[in-house]
Amino acid sequence: MNKTLSAAIAALLAFGSAQAAPAARGAPPLAISLQHLSSIGTDASDDGTGAEIVAYDRRTRRAFAINSEDNDLAVIDLSDPGAPILVEKISLDAYGAGLNSVDAHDGLVAVAVEASPKTNPGKVVFLDARTLAVRGAVPVGALPDMLTFDDDGRRVLVANEGEPDSYEPGAVDPEGSVSVIDLSRGVARARVRTADFQGFSKEELMARGVRVFGPGATAAQDLEPEYITLHGRTAWVTLQEANAVAVLDLPTATFSEIVPLGLKDHTVPGSGLDASDRDNAINIATWPVYGMYQPDAIASFRVGNQQYVVTANEGDARDYDGFEEEVRVASLNLDSAVFGGWAGLQAPAALGRLTVTRTSGDTDGDGDFDEIHVFGARSFSIWTANGELVWDSGDQLEQFFANPVNGYATIFNTNHEELARDNRSDNKGPEPEGLAVGKIGGRSFAFVALERVGGVMAYDVTDPYAPTFAAYVNTRSLTEQRGDLGAEGVEFVPADDSPNGKPLVLVGNEVSRTVTVFQVNATRR
């Protein structure tokens, strides 16, 4: 989807236009709240590292959280969600140099482990969820970053990010890929197939708006799978830096399509942003910049016979020895014919501090910037299965925190490593990263983790053309640097699988190294 079409759709549908939105589907509306039941550290002294990703196994009623820095897996008994117990920490040093993801299905746990160096093939390690014995390990691609079971547990899909070690001469840049692990004959006889990008033309992808820009990289090297969602015979894979989604055919383990996501027009009312950390104010406004969606997490859900995809539009930049993508707007040579009417645009209190890319925006090739492209969209979006934008949350996330009635203005665009209001306005704002979609009372809800400011935003997405805000919860302190910090991975536990018979939302918090358990309480409106 090109920039013009993306902007037009965003303007029409950002808040669900009456002309386009179908009649609301599903069960009668629900009012929900997220009740904090507990938070638990991922080691006995609560000073472990990580807890970025958390998974739940319904058979054993256990949660599993990765600690990448310690290279271990935390096992948590969730039989009583209000009083979780740390069962054990399992070292996986024998299998690699860092854990990046975990998932569980009916007593089987899968863990993605990167190699040392990270450019070598990684492994997926399988463990018994009850005995915690290792049942086997299989090789996958370089830097396995995320993995997921399919619905019946017969496959595990692994997003192999394939990051380079640097862009210096002689550096190693492995290819990105997705490993499809067939478990139909058991772990001991698992078969691995690899879906790669060797059949895609770099020039053709770039012409269609896919960002392929690593110095000297082929398309196969430059496309770096980040996150996966799947339904039936199809999986959707985010290519975050490329600002695209790849469509994977599971039976053949091949990519059928790469869909560019286009650009979000921040001049459109309702799609503004706070662009400065030096203006001493909350100032959400429209600016002459375009947001690259660049989603991290992705999820999917169905409405009738239609499949929809949800993305958390975090944004990400490449920063390696030999190549650094980020630059401040103050350093750009802007085209005066385009930006001349914006007096003081590059001042620190305007756009000067905003972190953007240096790799695109010179649309006519004359050496100055005709457009400003910013990392991420500070939103979450809903797309059709073919990659057409249905709805985007616009600037609703930032507006929620800015509204003093909601009581969170003290942490507006703060960081997860310090409490300092507005200090992330110049760089991706609240930073939506984690995402899960679950069904409650016949309605579909999206749960979006905000990495920097923390907490979980819940929206009713039953009508994908007109989602509505449902709830927000944050268990960090509003006055000092403590509590649950750095929300990243989100796991939805439906009521039928929950230890207490209530839907749960589990959140892995990277900075505080805690797993938080929320109960979803629902009442009919």
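The values are calculated or read from the model by the stated rules, or taken from the named source; none is laboratory data. Fair warning: this is a prediction, and the values are worked out from it, not measured in the lab. Note: ideal-geometry Cβ built from the backbone for every residue, glycine included; neighbour counts use all protein chains shown.
Listed values, structure above:
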read-out: Some residue of the range 117-135 being closer than 13 Å to N71 by Cα, among the small types (G, A, S), surrounded by fewer than 24 Cβ atoms within 10 Å (Cβ to Cβ) and over 22 Å from the mean Cα position of the chain (by Cα); value: no
read-out: Breaking point among (1) assigned to a loop (DSSP other than H, G, I, E, B); (2) closer than 21 Å to V54 by Cβ; (3) in contact with a Leu (Cβ under 8 Å, 6 or more places away or on another chain), for R130; value: (3)
read-out: Among (1) surrounded by fewer than 20 Cβ atoms within 10 Å (Cβ to Cβ); (2) in a helix (DSSP H, G or I) - the single one G216 does not satisfy; value: (2)
read-out: Matching residues, the range 396-446, being among the acidic types (D, E) and either in contact with a Lys or Arg (Cβ under 8 Å, 6 or more places away or on another chain) or within 22 Å of P348 (Cα to Cα) (or both); value: E398, E418, D422, D426, E431
read-out: Filter result for P430 (of a type outside the set (F, W, Y) and in contact with a helix residue (DSSP H, G or I) (Cβ under 7 Å, 6 or more places away or on another chain)); value: yes
read-out: Checklist (1) within 23 Å of V448 (Cβ to Cβ); (2) in a strand (DSSP E or B); (3) under 19 Å from the mean Cα position of the chain (by Cα) applied to I258, failing item; value: (1)
read-out: I66 being surrounded by fewer than 24 Cβ atoms within 10 Å (Cβ to Cβ) and under 20 Å from R513 (Cα atoms); value: no
read-out: G209 at positive phi and either assigned to a loop (DSSP other than H, G, I, E, B) or without any contact (Cβ under 8 Å) to a residue 12 or more places away in the chain (or both); value: yes
read-out: Of the criteria (1) surrounded by 22 or more Cβ atoms within 10 Å (Cβ to Cβ); (2) farther than 19 Å from G162 by Cα; (3) among the hydroxyl-bearing types (S, T, Y), which one T238 fails; value: (2)
read-out: Tally, over the range 261-278, of residues that are in a loop (DSSP other than H, G, I, E, B) and crowded, with 17+ Cβ neighbours inside 10 Å; value: 10
read-out: Residues (within 18 Å of L248 (Cβ to Cβ), part of a loop (DSSP other than H, G, I, E, B) and in contact with a helix residue (DSSP H, G or I) (Cβ under 8 Å, 6 or more places away or on another chain)) located in the range 197-206; value: F197, Q198, F200
read-out: Number of positions in the range 49-65 that are within 18 Å of D128 (Cα to Cα) and either without any contact (Cβ under 8 Å) to a residue 60 or more places away in the chain or not in a strand (DSSP E or B) (or both); value: 4
read-out: Single residue of the range 279-304 satisfying the filter (part of a loop (DSSP other than H, G, I, E, B) and among the hydrophobic types (A, V, I, L, M, F, W, C)) that is surrounded by the fewest Cβ atoms within 10 Å (Cβ to Cβ); value: A281
read-out: Any hit, the range 159-173, residues being without any contact (Cβ under 8 Å) to a residue 24 or more places away in the chain, touching a strand residue (DSSP E or B) at 6+ places or on another chain (Cβ under 7 Å) and closer than 21 Å to L108 by Cβ; value: no
read-out: Residue match in the range 386-403 (condition: modelled with pLDDT of 95 or more, within 30 Å of E257 (Cβ to Cβ) and over 18 Å from the mean Cα position of the chain (by Cα)); value: yes
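Listed here are the residues, each with its yes/no results for (1) touching a residue at least 40 places away in the same chain (Cβ under 8 Å); (2) within 22 Å of the chain's Cα centre (by Cα); (3) within 25 Å of S101 (Cα to Cα).
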position	(1), (2), (3)
R302	yes, yes, no
R318	yes, yes, yes
A347	no, no, no
T357	yes, yes, no
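Each row is one residue, and each column tells you yes or no for (1) assigned to a strand (DSSP E or B); (2) more than 21 Å from I298 (Cβ to Cβ); (3) acidic (D, E); (4) at pLDDT below 95.
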site: G434; (1), (2), (3), (4): yes, no, no, no
site: S444; (1), (2), (3), (4): yes, no, no, no
site: L478; (1), (2), (3), (4): no, yes, no, yes
site: F492; (1), (2), (3), (4): yes, no, no, no
site: L506; (1), (2), (3), (4): yes, no, no, no
site: V511; (1), (2), (3), (4): no, yes, no, yes
site: F518; (1), (2), (3), (4): yes, yes, no, no
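One line per residue, one yes/no per condition, for (1) touching a strand residue (DSSP E or B) at 6+ places or on another chain (Cβ under 6 Å); (2) modelled with pLDDT of 95 or more; (3) crowded, with 21+ Cβ neighbours inside 10 Å:
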site: A27; (1), (2), (3): yes, no, no
site: L37; (1), (2), (3): yes, yes, no
site: D46; (1), (2), (3): no, no, no
site: A51; (1), (2), (3): yes, no, yes
site: L73; (1), (2), (3): yes, yes, yes
